[in-house]
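Single-structure report; data block below.
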Amino acid sequence: MAMSIRVNRHNHVAAEIGRRVVSGLYPTGNVLPPEAQLLAEFGVSRPVLREAIKLLESKGMLEARQRRGTCVTERSAWNMLDADVLGWIAQSGADPEMLIRLTDVRMIVEPGACLLAARSGTDEALRKVEDAYQRMVTHVDHPQLFVQADRDFHLALLAACNNEYLAAVGTTISIALTVSLQRMNPVPSSNRDSLLLHEPIVRALKRRNGEAAARASQRQMEDALRRLRG
């Protein structure tokens, strides 16, 4: 139990420092505040703080430098495929273009995922895609529940490919995907427009027509980019 509490504390501290780094509160190239200041602010022990810093070092965000202390690294050194780093950047809003670039990646990946899912996905896996779509229909007038179902739709699509690497992509982008969908579907009317673009994907996957599903996915991704760009 004590170990679990300690792990939760160092994860919490790492997340807070990580959010401060991506927001620019702790600018790149600068040294973190003194250890004594951070210990007092977070109310944790030295081992907990040091484990949190090690975690951020493993993500490429911090680096211990001799005679200087722990420095915030340049953004180019960050592990941008780390789920936490992606989530912190998306939630901070500090990088307005980040969600557009993420959608560019999705535009490359998801139509291809439709081809694989239609060919290799089990009936159960494809049912999960359809179930998520049906929840989107059910919650079309409830933005928060709709976004959750929309996120689950895209994660289920990647999982249906029967490819653990694509499933891992879904896990990695999950938080950032949620933020992106919230931005694209702020009101029920936009939700209804979104349903019209998701439904052909479901219909084509049910027929195991990967080409049609991929074309529908491409249209849906193009619409997502249009919405994000305003």
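Annotation note: of 151, 219, 215, the sole residue that is modelled with pLDDT of 95 or more, touching a Ser or Thr at 6+ places or on another chain (Cβ under 7 Å), in a helix (DSSP H, G or I) and closer than 28 Å to residue 97 by Cα is 151. State all residues of segment 193-215 that are within 21 Å of residue 183 (Cα to Cα) and crowded, with 20+ Cβ neighbours inside 10 Å; if no residue qualifies, say none. Once the filter is applied, which keeps residues that are within 21 Å of residue 183 (Cα to Cα) and crowded, with 20+ Cβ neighbours inside 10 Å, segment 193-215 yields 194, 198.
Scanning segment 111-152 for residues that are touching a residue at least 60 places away in the same chain (Cβ under 8 Å), crowded, with 18+ Cβ neighbours inside 10 Å and within 18 Å of residue 207 (Cβ to Cβ) yields 111, 113, 114, 116, 117, 118, 121, 126, 129, 133.
For residue 94, indicate whether it is over 20 Å from residue 10 (Cα atoms) and of a type in the set (A, V, I, L, M). In short, yes.
Among the conditions (1) surrounded by 18 or more Cβ atoms within 10 Å (Cβ to Cβ); (2) closer than 30 Å to residue 212 by Cα; (3) among the aliphatic types (A, V, I, L, M), the only one that residue 81 does not satisfy is (1).
Of the residues 84, 131, 123, 95, which is modelled with pLDDT under 90 and of a type in the set (D, E, K, R)? Only one candidate qualifies: 95. Looking at segment 65-81, which of its residues are aliphatic (A, V, I, L, M) and modelled with pLDDT of 90 or more? Answer for segment 65-81, where residues must be aliphatic (A, V, I, L, M) and modelled with pLDDT of 90 or more: 72, 77, 80.
The values are calculated or read from the model by the stated rules, or taken from the named source; none is laboratory data. Computed from a predicted model, the values in this text were never measured in an experiment. Here the Cβ is made from the backbone with ideal geometry for all residues, glycine too, and neighbour counts use every protein chain on show.
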